[in-house]
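The values are calculated or read from the model by the stated rules, or taken from the named source; none is laboratory data. Worth saying up front: this structure is predicted, and the values here are computed from it rather than measured. A quick note on method: Cβ atoms are made from the backbone with ideal geometry, for glycine too, and the neighbour counts reach across all protein chains shown. Protein only, heavy atoms only, side chains kept; ligands, DNA and RNA dropped before computing areas. Shrake-Rupley method; radii C 1.70, N 1.55, O 1.52, S 1.80 Å.
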Amino acid sequence: MSSKERPTLGGTRIRTRKRNIAAPLDPATFADAVVQIYLDNAGDLDLVAKWVESSDLNFSRYGDTFFEVVFTGGRTQPGTTKPDEGERHIYSIIDCEPKHEAILPSVLYIQKILRRRPFLIKNLENVMRRFLQSLELFEENERKKLAIFTALTFSQKLSGLPPETVFQPLLKDNLVAKGIVLSFITDFFKEYLNDNSVDDLILLLKRGKMEDNLLEFFPSAKRSAEGFSEHFNKAGLTSLVEYNEKKMFEVKLKEMKTVLTTQIAEETDTSEIIETVKQHVKDAKLPDIEVVRILWDVIMDAVQWSGKNQQQNANSALRQVKTWAKLLNTFCSNGKLELELLYKVQIQCYDDAKLIKLFPEIVRSLYEQDVLAEDTILLWFRKGTNPKGRQTFVKALEPFVNWLEEAEEED
């Protein structure tokens with residue numbers, strides 16, 4: 001073996017790679033620099049935007065701090081909304097008047113910054129989420145400013161801001177219980193609906209996964225359809241109330257249809273089904289016309305249709321009419337409702353190719369089961385207003401109508 005000493009690393013200096021050196025965080029210096037830009041330009045946001053865009057400040061590292069300065073005029077203490085040490089300016093969103101025209105320039109200013117530095121959208125999300133989760137730490141007037149700002153960000157379609165960033169943080173139990181969330185969301189809705197339709201608002205709520213959960217914004221004691229209507233009517237948001245009432249109505253119709261579908265499929269006793277319908281009508285205040293439409297849908301949906309055998313389809317449909325004639329008769333209690341049922345049959349036969357030739361047979365069966373009166377059929381035949389397949393159906397029903405008129409003359 002060689003007696004030479006092996007080389008060692010003793011005394012050799014190992015150089016650290018630059019990427020492993022962590023620069024010390026200094027958000028205070030960054031915040032002071034941004035504040036100085038505001039002060040130097042006397043709060044002129046167009047000029048501030050130009051200076052910010054041309055500056056070499058490290059926005060990728062201090063994005064959250066930047067938006068703290070935009071919202072509150074300076075840096076906030078970690079985890080709170082309280083001002084931290086350092087310079088401050090008086091041109092922030094919190095320092096504005098709680099009005100559309102006062103806050104809109106700040107939204108447009110942020111929009112300019114995001115176009116130049118789109119990565120900052122994540123920092124905007126972070127700060128907004130933190131502030132919304134801490135609404136109780138703001139004054140009532142400040143919460144209104146935040147609500148107006150938030151609504152304007154969506155009205156102006158601020159690039160990349162997801163609605164769930166806004167709506168989900170609001171659902172903290174303590175904020176909801178105190179009514180803070182309801183007050184905030186009311187101001188939000190008012191501002192948003194100044195420039196947008198209810199349909200736009202519903203689409204926004206749907207993207208934020210809140211379309212079907214609006215009552216979650218209410219304290220538990222007020223969490224009802226009546227409480228919803230009372231609150232938003234008082235706030236002047238009648239269009240939102242009308243939408244919600246329509247939505248609740250559709251839910252109640254769907255619930256009744258689901259129950260009836262099960263009962264029809266299980267061939268529940270007719271008298272029991274009648275009581276079920278009456279109870280739903282009483283509880284949900286459903287109009288008679290909607291009840292008739294749903295009954296016909298449910299009865300026909302239960303038919304086991306054949307793909308090609310027309311006679312088998314006819315027999316199945318007529319058997320279904322005969323089976324549930326008493327149910328239909330109970331709720332087709334006047335000529336207007338009978339005519340509505342006849343229109344419903346007309347539309348279904350027009351929309352479904354396998355039923356188009358069954359229209360006269362179904363009408364005749366409904367007449368024989370005393371569901372449709374002769375006067376109703378003649379009125380439809382002579383003056384019916386629904387155009388769907390009318391010429392075809394009138395011609396198909398003509399022999400039966402002639403028979404009715406002849407029988408009437410004989411009487």
- prompt: Any idea which of (1) farther than 18 Å from ASN329 by Cα; (2) modelled with pLDDT of 90 or more; (3) touching a Ser or Thr at 6+ places or on another chain (Cβ under 6 Å) is the one ILE274 doesn't satisfy?
  reply: (1)
- request: Check whether at least one residue in region 52-71 is out of contact with any Cys (no Cβ under 7 Å at 6 or more places or on another chain), closer than 27 Å to VAL181 by Cβ, small (Gly, Ala, Ser) and surrounded by fewer than 18 Cβ atoms within 10 Å (Cβ to Cβ), and report yes or no.
  value: no
task: Only residues that are loosely packed, with under 12 Cβ neighbours inside 10 Å and part of a loop (DSSP other than H, G, I, E, B): list them for region 270-286, please.
output: LYS285
query: Going by the structure shown, is ILE264 surrounded by 14 or more Cβ atoms within 10 Å (Cβ to Cβ) and over 30 Å from SER229 (Cα atoms)?
result: yes
- prompt: Given the structure, is ASP200 open to solvent by less than 40 Å² (accessible area, probe 1.4 Å) and either among the charged types (D, E, K, R) or at pLDDT 95 or above (or both)?
  reply: no
- request: Give ARG88, ARG61, ARG130 a once-over and let me know the one that is under 16 Å from PHE30 (Cβ atoms) and part of a helix (DSSP H, G or I).
  value: ARG61
message: Can you tell me which of (1) open to solvent by 10 Å² or more (accessible area, probe 1.4 Å); (2) within 23 Å of LEU204 (Cα to Cα); (3) out of contact with any Lys or Arg (no Cβ under 8 Å at 6 or more places or on another chain) is the one ARG88 doesn't meet?
response: (2)
query: How do the pairs read when you match residues in region 123-150 that are in contact (Cβ under 8 Å) with a residue 24 or more places away in the chain with residues anywhere that are open to solvent by 50 Å² or more (accessible area, probe 1.4 Å) and not in a helix (DSSP H, G or I), using Cβ under 7 Å and keeping only pairs 6 or more apart or on different chains?
result: GLN133/LYS172; GLU136/LYS178
task: Answer yes if at least one residue in region 299-310 is of a type outside the set (S, T, N, Q), open to solvent by 10 Å² or more (accessible area, probe 1.4 Å) and over 23 Å from THR258 (Cα atoms), and no otherwise.
output: yes
query: Within region 94-114, is there a residue that is in contact with a Ser or Thr (Cβ under 9 Å, 6 or more places away or on another chain), closer than 18 Å to GLN156 by Cβ, among the small types (Gly, Ala, Ser) and buried (at least 19 other Cβ atoms within 10 Å of the Cβ)?
result: yes
message: Name the residue that is farthest from LEU57 (Cα to Cα), counting only residues in region 115-151 that are touching a Phe, Trp or Tyr at 6+ places or on another chain (Cβ under 6 Å) and open to solvent by 10 Å² or more (accessible area, probe 1.4 Å).
response: ARG143
query: Name the pairs: first residue in region 183-198 and in contact (Cβ under 8 Å) with a residue 12 or more places away in the chain, second residue surrounded by fewer than 17 Cβ atoms within 10 Å (Cβ to Cβ) and basic (Lys, Arg), Cβ to Cβ under 7 Å, at least 6 apart or on different chains?
result: none
